[in-house]
Every structure is written in C-alpha cells, then in structure tokens.
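Coordinate-derived values only; no laboratory data. Computed from a predicted model, the values in this text were never measured in an experiment. Please note: Cβ atoms are built from the backbone with ideal geometry, for glycine as well, and neighbour counts cover all protein chains shown.
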Amino acid sequence: VLDYTEPTLVTAYTAHFVHHAEAHLATNLASYAVVVPTAYLLCLFSDRRRLFRAAFVSFLVALPFGLSALNLLFIRRAVTYGFSGVVMGYFGLLTLALFCYVEQQTGVDAGERHAPAVFFLGTAVIGAAVAPTTSAGAAVAVAALAVVGLYARGLVGAADPLARLRSGFVGAPPGHLELCTVGTLLFLGYPLIAFPTDPFRGGAVVNLYTHLLGYALGFISAYGFRLFPGR
C-alpha cells in the first residue's frame, strides 16, 4: 500500500494493484470488465483503435504514478490502495470514445473543441452523485452544466443535430444502437457507483479524490492524444 507519510517509488505504483478484501477486488474487476471492453468497442467502431491502444498501455504504466503523486500533495496519516483510480482513467477514455462514436455514426462534425463538453457533463453527473454528502458537489454540478451550455451554443448552428443523431442510427448494422445505449448508460450510471453518497465502507474510506483524478487524467490524456494529426 502507499503510506502517505513514507511513500516509495515502488509503492506509488504497486499500491494500485493491491486489494485487502475480496469484495474490493471483485468490484474493481467487474468495473474493469465492463468499462474497458465498452471503451474498446466504441473506439473500434469510430476508427480510434490507435487511441485505445495508446491509452490502454499508458494508463497501466503511467497513471498509477500520476495518481500517487497528486495524492501526495496532501500529506496525512493514511494509506491508499486499489485499482479503482485506474479504472476511472479508462472511464475517462470511455467518455471521449462515446463522443467519437456518436460523431462518427451521425456525421455531425462537432470537432475536437466540443469534445470537452462530454467531460464536463460527466463531471456534472459526478457532482450530482456526491451532492447529498457535500454542498460542494451541487456547486460542481451547476458549474459543469454551465460550461456544457457554453459548448452547446457552438452547436446551435449545426444542421438539425438531433435529426442527424436519429438518422445516423437508422439502418445502422445490428448492435450499433445497442452499443451507443450501453455506452450512454455507463457514462451516466457508473459515476453513481464510483462516487457513493456514503464513502465509508467496512472500516475503509472510498478515495473520491483519486476517482476524480483518474477520470480527469484519463480524459485529458486521451483528448490530448486525439488532437495530434492522424490520431
């Protein structure tokens, strides 16, 4: 595990693969088994396989170090462990992959500059999930929705985007609409699991900060890769 008062380079990485309870391990494995394959399929059918491969490897190699380093900004007498922060990184990738998939299927050229709108929408869902616990959650949700609104203004001039969205899945091969539905349900529903209203479970505390960091780092790094020509 990573001890905040005595961190080492080794535990900064390995702590994210340590689980002290079978239920904890099972939850993270189940989350991984749902989030990662869905992100892969969304990337596959939006011609973003290269994005998935780069993100998949880099998240396993580098994300644990990044999460540990940012956690060490706040030194306290505590330890952290578990793979959930890395899973949230893949959830950030799923968020971008869902945007790319819908853009590809519908032909709505939203452009790279509008992709963060989906990230902020996810942030709003996260804020709403923790709102019953802290007033800051509600503030985050409102602020994130305001940013989404600013991005949405840029799509007002698009040629009937809702009609393009509907027509994009009419006549699509079997499974495409279902994949979009599963991706959307995960996008809206998984934050409710990763950010419980009561973070105290079985004598341990769910590290909501790490979960939020994982989501942000996962999306930002994948989005940065997408901006490179040919990606």
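A cut-off of 5 Å between modelled amide H atoms, ignoring neighbours fewer than 5 places along the same chain, links Arg201 with Val206.
Seen against the Cα atoms of the chain and their longest principal axis, helix 84-106 is set at about 0 degrees. With neighbour counts taken as other beta-carbon atoms within 10 Å, the residues Cys180, Cys43 rank, fewest first, as Cys180, Cys43.
With the largest listed first and rounded to whole Å, the semi-axes of the equivalent ellipsoid of the chain from the Cα gyration tensor are 32, 19, 16.
Relative to the longest principal axis of the Cα atoms of the chain, the long axis of helix 116-130 makes an angle of roughly 50 degrees. Neighbour counting of Cβ atoms within 10 Å sorts the residues Glu112, Glu103, fewest neighbours leading, into Glu112, Glu103.
This model, with +1 at the C-beta of Lys and Arg and -1 at the C-beta of Asp and Glu, gives the range 2-226 a dipole about its Cα centre of some 260 debye. By the count of neighbouring beta-carbon atoms within 10 Å, fewest first, Tyr40, Tyr190 end up ordered Tyr40, Tyr190. Treating the angle as unsigned and between 0 and 90°, give the value, to the nearest 10°, between the Cα long axis of helix 22-44 and the longest Cα principal axis of the chain. Between the helix axis and the principal axis of the chain, the angle is about 30 degrees.
Using C-alpha pairs below 8 Å separated by at least 6 residues, the relative contact order for the chain is 29 percent.
Positive end of the dipole of the chain (Cβ unit charges, origin at the Cα centre): among Ser84, Leu44, Gly175, the Cα lying farthest that way belongs to Leu44.
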